[in-house]
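Take a look at the structure set out below.
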Amino acid sequence: LAGGIMFLRVTLLTGALALLARYVALPNERRWHLAVSGLLTGLAYCVREPSLLAVGPMFLLGVLHERKAGLASLLRSAGAFALGLAAGALPLLVQTFVIRRQVSISPYVASHDTLLPGFHSVALPETLSKAASYFFMHMGGLGIALLLAGAALAVYRRNRTLLGLLLLSALYALFYGFYWMFSKRYYYVVALTAIPLAAYGAYAALFCLGRLIRR
């Protein structure tokens, strides 16, 4: 059941990011992409509340895209995304109101009376070190090198889609680093958002190898 919930959340977030990337790539503005992207993000929030953290990097990607269009265009785009997000999050917000007579952004927070679920700063170094060891053990040196190469190339070429994925992956890694214990099922979404960066690094390596062969 936990694996199915995680898969559903990741699928919804991947669809939301794909629609946002589609909006950025299209020459003509089609804000219904943003509305549906927000809707999928809201539904992902209903599945697991930390999905709401994806809004930060997605908003940054939208701002980078709309920076030349002016404030009015940015507000219209943000409004379209916000409407979709509110519609997607509405079921969980209504549920918390019916159960507790108040709207709670995170039902876990309301029931456990904490600021954030699992937010323990003292656990950050140990949890992140365990996560890094786990990823290195499964990816190996080559996988880590491809991931770093993909991130470096994305920064060099200013690939906003991949930079948004990089920020999203880093944000999730940091958020789950505050949990008391490392759990690979939490970091599954980190690995999923990092896969395109590793593929981009493999593309860069093959491109450089091809140039060397031609020489």
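Data for the structure
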{"read-out": "Evaluated over the range 1-57, the Cα radius of gyration and Dmax, each in Å", "value": "11.9, 41"}
{"read-out": "Among (1) 7, 23, 25, 16, 8, 6, 6, 5, 4, 1; (2) 8, 28, 33, 22, 7, 1, 0, 0; (3) 8, 28, 25, 20, 13, 6, 1, the entry derived from the coordinates for P(r) over Cα pairs in 10 Å bins from 0, in percent", "value": "(2)"}
{"read-out": "For the chain, calculated [θ]222 nm from helices alone, where every DSSP H run of n ≥ 4 adds -39500 (n - 2.57)", "value": "-27000 deg cm²/dmol"}
{"read-out": "Per DSSP, loop chymotrypsin sites (Phe, Trp or Tyr not before Pro) in the range 114-215 with at most 14 further Cβ within 10 Å", "value": "Phe119, Trp180"}
{"read-out": "Relative frequency of Cα-Cα separations exceeding 23 Å in the range 136-215, percent", "value": "27 percent"}
{"read-out": "Charge sum, other residues only, whose C-beta stays under 12 Å from Tyr188's C-beta, Lys/Arg counted +1 and Asp/Glu -1", "value": "+4"}
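Coordinate-derived values only; no laboratory data. In this text the structure is predicted, and so the values were computed from the model without any measurement. Note that each Cβ is placed from the backbone with ideal geometry, even for glycine, and that neighbours are counted across all protein chains shown.
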